[in-house]
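Notes for the one structure printed next.
The values are calculated or read from the model by the stated rules, or taken from the named source; none is laboratory data. As the structure is a computational prediction, the values presented were derived from the model and not from experiment. Here the Cβ is made from the backbone with ideal geometry for all residues, glycine too, and neighbour counts use every protein chain on show.
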Amino acid sequence: MLDRIALITGNAGKAAEYAAMLGIDVTPAKAELTEVQSLDVAVVAARKVTDAYAQLGEPVLVDDTGLTVHAWNGLPGALVAWFLDTVGAQGILNMAAGLTDRRATVTTALGYADADGVQVFAGTVNGTLATEPRGTSGFGYDAIFIPDTDPGLRTYAQMTSEEKNKISHRRRAVEAMRTGLGLR
């Protein structure tokens, strides 16, 4: 039974969040990972976790998250961090200003590797892009993404951490991983 896993991150808080969701010890670790150019977060996570396991030689977890705007045929996808770094959340909204179809999805892919190989578990939440940033909590695109699962049509940034974590794409990916690895 898996009781400990390394998470490739420089953020101890992220490791603690995964530990709470998985119910096992999650320790932050560092590795030199190849960042493949793909819109698909599952492709990116699979490559990263392959590299991480080759370096660490122990059960390891990586995550990759993307925002997909349906009208943009998959963009920005796994490249969303670069969009945010260059134009910010407001820039994404500016580019989307003329869209009549504002449907979007957010997906987290968790890449897991151990001696038996690589597995990828994904969680997706459908929603829409807001027309302006709303809310102050969270980070990245949280202020511009409205999940369909929220009856109040709030952005992730308008929710408490607890509210977001109950319905988030990351939560869904963790649940898929728990099921896939028999951690229930």
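Confirm whether Ile92 is surrounded by 13 or more Cβ atoms within 10 Å (Cβ to Cβ), touching a Pro at 6+ places or on another chain (Cβ under 8 Å) and not in a loop (DSSP other than H, G, I, E, B). Yes, satisfied.
Scanning the range 51-76 for residues that are over 18 Å from the mean Cα position of the chain (by Cα) and surrounded by fewer than 22 Cβ atoms within 10 Å (Cβ to Cβ) returns Asp51, Ala54, Gln55, Leu56, Gly57, Glu58, Pro59, Ala71, Trp72, Asn73. How about the range 1-34: which of its residues are out of contact with any strand residue (DSSP E or B) (no Cβ under 9 Å at 6 or more places or on another chain) and more than 14 Å from Arg170 (Cβ to Cβ)? If the condition is that a residue be out of contact with any strand residue (DSSP E or B) (no Cβ under 9 Å at 6 or more places or on another chain) and more than 14 Å from Arg170 (Cβ to Cβ), then Met1, Gly23, Glu32, Thr34 are the ones that fit. Within the set Thr50, Thr68, the sole residue that is closer than 23 Å to Asp142 by Cα and among the hydroxyl-bearing types (Ser, Thr, Tyr) turns out to be Thr68. Whenever a residue of the range 94-105 is under 12 Å from Trp72 (Cα atoms), its partners that are surrounded by 11 or more Cβ atoms within 10 Å (Cβ to Cβ) and basic (Lys, Arg), lying with C-beta atoms within less than 8 angstrom and at least six residues away or across chains, give the pairs Ala96/Arg102.
Scan the range 95-143 residue by residue and report those that are hydrophobic (A, V, I, L, M, F, W, C) and farther than 21 Å from Ala42 by Cα. Within the range 95-143, Met95, Ala96, Ala97, Leu99, Leu129, Ala130, Phe139, Ala143 qualify.
Filtering Phe139, Phe121 for residues that are touching a strand residue (DSSP E or B) at 6+ places or on another chain (Cβ under 7 Å) and either closer than 20 Å to Ala20 by Cα or at pLDDT below 95 (or both) leaves a single hit, Phe121. Here Pro28 passes the criteria (1) part of a strand (DSSP E or B); (2) touching a residue at least 24 places away in the same chain (Cβ under 8 Å) except the one numbered (2).
Filtering the range 115-126 to residues that are farther than 16 Å from Val80 by Cα, surrounded by 17 or more Cβ atoms within 10 Å (Cβ to Cβ) and out of contact with any Gly (no Cβ under 8 Å at 6 or more places or on another chain) leaves Ala122, Gly123. Going through (1) buried (at least 20 other Cβ atoms within 10 Å of the Cβ); (2) in a loop (DSSP other than H, G, I, E, B) one by one, Arg134 falls short only on (1). Checked against (1) within 25 Å of Ala15 (Cβ to Cβ); (2) surrounded by fewer than 20 Cβ atoms within 10 Å (Cβ to Cβ), Gln37 meets all criteria but (1).
Before we move on, is Arg154 under 26 Å from Gly13 (Cα atoms), among the charged types (D, E, K, R), surrounded by 15 or more Cβ atoms within 10 Å (Cβ to Cβ) and in contact with a helix residue (DSSP H, G or I) (Cβ under 6 Å, 6 or more places away or on another chain)? When the stated conditions are applied, Arg154 does not pass them.
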